[in-house]
1. Among the residues of region 329-357, what is the count of those that are of a type outside the set (Gly, Ala, Ser), under 23 Å from Gln374 (Cβ atoms) and in a helix (DSSP H, G or I)?
2. Of the residues that sit in region 169-197 and are exposed (fewer than 14 other Cβ atoms within 10 Å of the Cβ) and at pLDDT 85 or above, which one is nearest to Val41 (Cα to Cα)?
3. Among Gly55, Gly91, Gly60, which is the only one that is at positive phi, at pLDDT below 90 and in the same structural domain as Ala196 (by TED's automatic domain parsing)?
4. Checking the conditions here, which among Asp252, Asp263, Asp270, Asp226 is surrounded by fewer than 14 Cβ atoms within 10 Å (Cβ to Cβ) and either at positive phi or in contact with a Lys or Arg (Cβ under 7 Å, 6 or more places away or on another chain) (or both)?
5. If the requirement is being touching an Asp or Glu at 6+ places or on another chain (Cβ under 9 Å) and either at pLDDT 95 or above or not basic (Lys, Arg) (or both), which of these qualifies: Gly295, Gly302, Gly375?
6. Only residues that are touching a helix residue (DSSP H, G or I) at 6+ places or on another chain (Cβ under 6 Å), over 20 Å from Met72 (Cα atoms) and in contact (Cβ under 8 Å) with a residue 40 or more places away in the chain: list them for region 129-175, please.
7. For Phe232, are the conditions met, namely being buried (at least 21 other Cβ atoms within 10 Å of the Cβ) and either without any contact (Cβ under 8 Å) to a residue 40 or more places away in the chain or farther than 28 Å from Gly375 by Cβ (or both)?
8. With respect to Ala241, determine if the residue is modelled with pLDDT of 90 or more and either assigned to a helix (DSSP H, G or I) or surrounded by 19 or more Cβ atoms within 10 Å (Cβ to Cβ) (or both).
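The values are calculated or read from the model by the stated rules, or taken from the named source; none is laboratory data. These figures come from a predicted structure and were not determined experimentally. A quick note on method: Cβ atoms are made from the backbone with ideal geometry, for glycine too, and the neighbour counts reach across all protein chains shown.
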Amino acid sequence: MQNHIAALLAALTINLFTMAIALPLVMGRVNEAARRAQWGVVLHAAGWGLLLLSGQMDSGGWADRLLSSASMACISGSLVLLGTAFDLWCGRAASDRWPLFIAVVMTLGYALGFSNYQFRVAWANGLLALQMVMVAAVLIRQPAQPVGRWRWVLVVSLTGQMVVTAWRGTLGGFYPESFPSFFFPHPVNYAFVVIANATTVLSLVGILLAHRDEAARALERLASLDGLTGVFNRRAWLAHAQTEMAVSVRYDHPLAVLMIDLDHFKQINDTRGHEAGDRALQSVARALQRSVRTGDLVGRYGGEEFCVLMNHADSAAAVAFDHRLRQHMAHTATRELGFELTYSAGIAMRLSPADTLEAILRRADATLYRAKAQGRDRTLTDVGPHLLAA
C-alpha cells in the first residue's frame, strides 16, 4: 500500500514539473505577477522532488535532514511567491514581509528540530497550512481592480490543500502512532495525494485565467492610451469624458474643459527634429499628469493638442490648474528639453443641464484660437474676463 502512496506522490511531482515547464512556454513574455507565479510553481515542483528524494536516504541521516529541509524551504517559498503574484493580479502592491518571515522560521525550525518526528511534522504542516490560509485571504480580499472568477478556483484549491495539510500536522504531532511516516497508508495520506493531484490541475487553470485577465487588461490599456505620451487617446478620452459629463449633469456639479495647444510646435519639429518634438509632447504629458487633481481626465486630442476635463471644478479651479501647469513647465521644460516650451489654452465651463460635451469642446476650441490670435502663451476663458498667462 505504501507503494500506492509513493506512486501518487511521484505522479504529483511529475505534474508539477510539467506545469513548471509548460507555463513559461504557454505564457510567453510576462509581467512581474506571472513571473512570480512561474517561479512559485518551479519551487513547488522542486520541493516535492527533493521530498521524494529524501525518502530514498537513510531515515534521520544528514542527507535526509538536508533534502527534507530544502524541500520545506522550496514549498514554503513557493507559497510566498504565489501569494505576491495573486496580490499583483488583484491590482494591489505585493506584500511578502510576513509570508517570507513565516517561510524562514518554518524552514529553520524544521531543520533544527528534525530529529523530533512529532515536532517537525506538526511544525511544518501547521505553518504550511497557515501560509495557505494567508494566500487564500489574499484572494478573498476585495480586488483593487476587476478580476475574473479564477481567484475562487484558487481559493477552493488552497482550501482543500490546507485542510489535509492541517490534518496531517495534527496526526503527526499528537497521534504519531497512527501516522508514522509520509508514505504510511493512512486515509489522510490518500486524501492528501488525491486532493494535491486534483488541485494541481485547478491551480494551473487558475493561474492561466489570471494571466489571461491581465493580458486582456493590458490590451485594453494599450487601446486606450496614446502610444507616445501615455495619456488617454482621443477616443478613450471622449468616452470617459461623456461619463463624467453625465455625472456632472445628474448631480449638478460644475465641470471645466481645457483645450491646450503647444506654441510653435511645427517650428520645434522643423528646427530641432521630430525626436525633439516627441520629447516635447512627452514632457507636456508628464506636466499635465503631475498638475491635475485625482480624477481629472487628461488626453491627447490630436497632434500637439491636449484636453483636460475637470469635474467638480469651477472657473477658479480651472485657472488654478492652469497656473500650476505653467509653473511646472517653466521649471522643468528647459531642464528636460534644453529649450523653453509654452502653450495656449482655452477654458470652457458647463453652463446648464442642457449643455453637451460637444458644445463645451467647441467653446473651448474657439477660446483656444482666440488665445493664439492674441499672441499665444496665454489662457482665455469662455466666461468672465480673459485670463492672461502668469
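1. So the answer is 1.
2. Here the residue is Pro187.
3. None of the other options fit; the residue is Gly60.
4. Asp252
5. Of the residues listed, the single one that is touching an Asp or Glu at 6+ places or on another chain (Cβ under 9 Å) and either at pLDDT 95 or above or not basic (Lys, Arg) (or both) is Gly295.
6. Hits for region 129-175 are Val138, Leu139, Val147, Gly148, Trp150, Arg151, Val153, Leu154.
7. In short, yes.
8. yes
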